[in-house]
1. Being aliphatic (A, V, I, L, M), surrounded by 20 or more Cβ atoms within 10 Å (Cβ to Cβ), assigned by TED's automatic domain parsing to the domain that holds B:Gly119 and in a helix (DSSP H, G or I) is the requirement here; does B:Ala95 meet it?
2. Restricting attention to region A:269-293, which residues are facing another protein chain (nearest Cβ under 7 Å), among the aliphatic types (A, V, I, L, M) and surrounded by fewer than 22 Cβ atoms within 10 Å (Cβ to Cβ)?
3. Scan region A:56-84 for residues that are in contact with a Gly (Cβ under 6 Å, 6 or more places away or on another chain), within 20 Å of A:Glu247 (Cβ to Cβ) and either outside any strand (DSSP E or B) or open to solvent by 20 Å² or more (accessible area, probe 1.4 Å) (or both) and jot them down.
4. Going by what's in this entry, would A:Ala35 be described as in a helix (DSSP H, G or I), away from chain B (no Cβ under 11 Å) and buried (at least 24 other Cβ atoms within 10 Å of the Cβ)?
5. Suppose we filter region A:1-32 for residues that are open to solvent by 60 Å² or more (accessible area, probe 1.4 Å) and at pLDDT 85 or above; how many remain?
6. I'm trying to understand the selection: among the residues of region B:98-128, which are modelled with pLDDT of 85 or more and either outside any loop (DSSP other than H, G, I, E, B) or surrounded by 24 or more Cβ atoms within 10 Å (Cβ to Cβ) (or both)?
7. Between A:Thr216, A:Thr240, which is touching a residue at least 24 places away in the same chain (Cβ under 8 Å), more than 14 Å from chain B (Cβ to nearest Cβ), of a type in the set (Val, Ile, Thr) and more than 30 Å from B:Cys297 (Cβ to Cβ)?
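The values are calculated or read from the model by the stated rules, or taken from the named source; none is laboratory data. Computed from a prediction, not measured in an experiment: that's the story for all the values here. So basically every Cβ, Gly included, is an ideal-geometry build from the backbone, and we count neighbours across all protein chains shown. The area values use the complete protein model at the heavy-atom level, side chains included, leaving out ligands, DNA and RNA. Shrake-Rupley method; radii C 1.70, N 1.55, O 1.52, S 1.80 Å.
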Number of protein chains: 2
Amino acid sequence: MGRILRAIMTNALPTTSADWTHALQQGGRATLARAITMVENDAPEAREVLRAARTLTGHALVVGVTGAPGAGKSTLVGAYVSELRRRDLSVGVLAVDPSSPLTGGALLGDRIRMLTHAGDPGVFVRSLASRGHLGGLARSTGAVVDVMDAAGRDVVVVETVGVGQSEIEVTDLADVRVVVWAPGAGDDVQAAKAGILEIADVLVVNKADLPPAAATEAALRSAASYGAGRAPTVMRTIATNGTGVPEMADQIAELAQQASGSRAAGAARRLQRQLVDAAAMVARQRAQDHSGLADLCRAVRKGELDFDEAASRLISFKA
Amino acid sequence: MGRILRAIMTNALPTTSADWTHALQQGGRATLARAITMVENDAPEAREVLRAARTLTGHALVVGVTGAPGAGKSTLVGAYVSELRRRDLSVGVLAVDPSSPLTGGALLGDRIRMLTHAGDPGVFVRSLASRGHLGGLARSTGAVVDVMDAAGRDVVVVETVGVGQSEIEVTDLADVRVVVWAPGAGDDVQAAKAGILEIADVLVVNKADLPPAAATEAALRSAASYGAGRAPTVMRTIATNGTGVPEMADQIAELAQQASGSRAAGAARRLQRQLVDAAAMVARQRAQDHSGLADLCRAVRKGELDFDEAASRLISFKA
């Protein structure tokens, strides 16, 4: 412990996995910030950070929040965070922006709103952007969630912008998934039905003070009733004044308890997802670097070799 | 050949790979439409269709067009298609919408504009949407491009909405990549710099009749000059009246000639990409289904096993 205190006093970083374990257990903001930066940048130290973090996960409730731009998603997350703080729960917020470099700036702009909680040590906010790199966003998101969980956050909110497939992959990491809907979007419900039911545990119609809210809620309820498996709960909120937010928080907590058991089970599921993602990424790299790739491609183009056979040959060798 | 004619007369489909080869070589719209539908739906027949198609690729110039919503991208694609038709080139347009179910409907709406070319057999338009399914969009896009190429289209335009990582993956399939920019977006250039330079061969400032166009063009030129490798060409267009579009078509054709050699090389690169994607997908499935996944996950959470080691064990066995 003296070592850790010294490390913190001198602004030095923990180095070994054991050091990180102790540091994360203190749950300090500075440690958390540094640990996440290392993981996000895939720094050499990230390995020790994550080795430590993953022995400490299984405490946090992970809530995924997604929705189309304009639905008031960020305001709702802010109101939800305030509600959790009133309940004396510590919170980590991870804002994930899967957008391309072409739109990234604008979408990240509304992060500024979270500054309401800037002075509160019980709220830790971080943004992750894809910056045009291919893949890996869902993987690093899972790792950052693990770090926040390990540092003792009671609830981790993963907020994504409702565009692209990556947001669906990201919400896969959550124990409970909330989709935020804007009033007047009722017409799109039919088309979007399959997709919504796939990813939502709770469907929230935000801006419920606007006239089309009732129609949108009715359309969502109707769509929800068609799905296989359990239908998502449909709720109304007015994020700007907090209406419906305590009820939403209750509902999320209740679903979390009903869901597949303990927080530890959630953490295990999250890690399995990361392992599978990492394995797929390694396999992709091997296939890409395979010395026979050009020959296999040539054989397929000549009609001599089946495509599926060629693809499986790319990964059927031992490393 | 009698067999093919009979098949077409009776509305029956080719069945063997050899039949499909003949059918695709005719380049008929009905054959093309059916072949693409099979590939898109991953129908059992898709395998024979693609086996045939891939022996016929290497003719088409594949142009990727992307950009933020509102940049006038679809109008520009329409004007480019008209220009190609004036040059007597046959065109295939593949509009790829990598958006989630939450926004899908709206983004696909502007496809209707392509109906200008509805009566022209030299223009074949198809939309591909992700429909909330995970992954596979870039892979099926490559396959559909192969079918259009095999059916003799001179130019295949792949148009994507500038959101999400998938659009970057999709433009990877192109020989020449065009990014469309709206005037007034100059402020975002700095932030977006790295990403743009990564994916663009041609940067087009559309709506060049709007006052901020000159400033946007200057900002893009400045940003372009910082990149590693060859800087993208910056051009101005007014898609609604065709201004600058012939010059853009010339520039694309010239870049295509300078680019890594022949159309056959482009087709080979596209197929390699599809093979690698398919291999990664197979590996992911294997990892997911691995009987030891839960045990490996448990060992990592106990700190007994390194994450990377666990991930590589998931794919190090023979199928």
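1. Numbers: aliphatic (A, V, I, L, M): yes; surrounded by 20 or more Cβ atoms within 10 Å (Cβ to Cβ): yes; assigned by TED's automatic domain parsing to the domain that holds B:Gly119: yes; in a helix (DSSP H, G or I): no.
Spelling it out, it is not the case that B:Ala95 is aliphatic (A, V, I, L, M), surrounded by 20 or more Cβ atoms within 10 Å (Cβ to Cβ), assigned by TED's automatic domain parsing to the domain that holds B:Gly119 and in a helix (DSSP H, G or I).
2. Start the filter on region A:269-293 by keeping residues that are facing another protein chain (nearest Cβ under 7 Å), which leaves A:271-272, A:275-276, A:278-280, A:282-284, A:287-288, A:293.
Narrowing further to those that are among the aliphatic types (A, V, I, L, M): A:271, A:275-276, A:278-280, A:282-283, A:287, A:293.
Matches in region A:269-293: A:Val282, A:Leu293.
3. A:Lys73, A:Ala79
4. Working: in a helix (DSSP H, G or I): yes; away from chain B (no Cβ under 11 Å): yes; buried (at least 24 other Cβ atoms within 10 Å of the Cβ): yes.
Against the criterion (in a helix (DSSP H, G or I), away from chain B (no Cβ under 11 Å) and buried (at least 24 other Cβ atoms within 10 Å of the Cβ)), A:Ala35 qualifies.
5. Initially, region A:1-32 is screened for residues open to solvent by 60 Å² or more (accessible area, probe 1.4 Å), giving A:1, A:3, A:5-6, A:8-11, A:13, A:15, A:22, A:25-26, A:29-30.
This time we only want the ones that are at pLDDT 85 or above, so: A:22, A:25-26, A:29-30.
Final tally of qualifying residues: 5.
6. First, the residues of region B:98-128 that are modelled with pLDDT of 85 or more: B:120-126.
Hits for region B:98-128 are B:Val123, B:Phe124, B:Val125, B:Arg126.
7. Values: A:Thr216 fails: more than 14 Å from chain B (Cβ to nearest Cβ).
Among A:Thr216, A:Thr240, only A:Thr240 is touching a residue at least 24 places away in the same chain (Cβ under 8 Å), more than 14 Å from chain B (Cβ to nearest Cβ), of a type in the set (Val, Ile, Thr) and more than 30 Å from B:Cys297 (Cβ to Cβ).
Each row is one residue, and each column tells you yes or no for (1) within 30 Å of A:Arg269 (Cα to Cα); (2) assigned to a helix (DSSP H, G or I); (3) modelled with pLDDT under 60.
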residue	(1), (2), (3)
A:Ala174	yes, no, no
A:Val180	yes, no, no
A:Gly184	no, no, no
A:Ile196	yes, yes, no
